[in-house]
1. Could you work out how far apart the two model spin labels at Lys42 and Ile27 are, taking each label as a point 7 Å from the Cα in the direction of the beta carbon, and quote it in nm?
2. So how strong a dipole does segment 3-49 carry about its Cα centre when Lys and Arg Cβ are +1 and Asp and Glu Cβ are -1, to the nearest 20 debye?
3. Counting alpha carbon pairs within less than 8 Å and at least 6 residues apart, what relative contact order, in whole percent, applies to segment 3-49?
4. Whole-Hz Karplus ³J(HN,Hα) for segment 2-17, in order, using 6.51 cos²θ - 1.76 cosθ + 1.60 and θ = phi - 60°, x for Gly and Pro?
5. Rounded to the nearest whole Å³, what is the per residue volume of the convex hull around the Cα atoms of segment 3-49?
Amino acid sequence: MDADFKKKLVEFRTSMALVNNMFLQGIITEQDYEKASEIIAKRVGISLSNICCRMPLRSSADRANM
């Protein structure tokens, strides 16, 4: 992985950690989460198809990991 892509990936993952926290708190919907991931990826200059596991496994009271 080259340094430029790594920097972009760190920025993307950091931003998405905040988005994921908002999702888990019920502030945003799953559709909002997906839209945010697209917007953030575009902003940092990476393609979502280059990122593995962009939506990590999550669990909540009404949702399982499988």
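Throughout, read-outs are computed from the coordinates displayed, never taken from laboratory work. No experiment lies behind these values; they were computed from the predicted model shown. In this analysis, Cβ positions are derived from the backbone assuming ideal geometry, glycine residues included, and neighbour counts consider all displayed protein chains.
1. Result: 2.2 nm between the two label points.
2. Details: 7 positive and 6 negative charges, 54 e Å.
So the magnitude is around 260 debye.
3. Values: 23 pairs, mean separation 21.6, N = 47.
Relative contact order, segment 3-49: 46 percent.
4. Once rounded to whole Hz, the list reads 7, 4, 5, 5, 4, 4, 5, 5, 4, 4, 4, 4, 5, 5, 5, 4.
5. On the way: hull volume 2.8 nm³, N = 47.
Hull volume normalised by residue count: 60 Å³.
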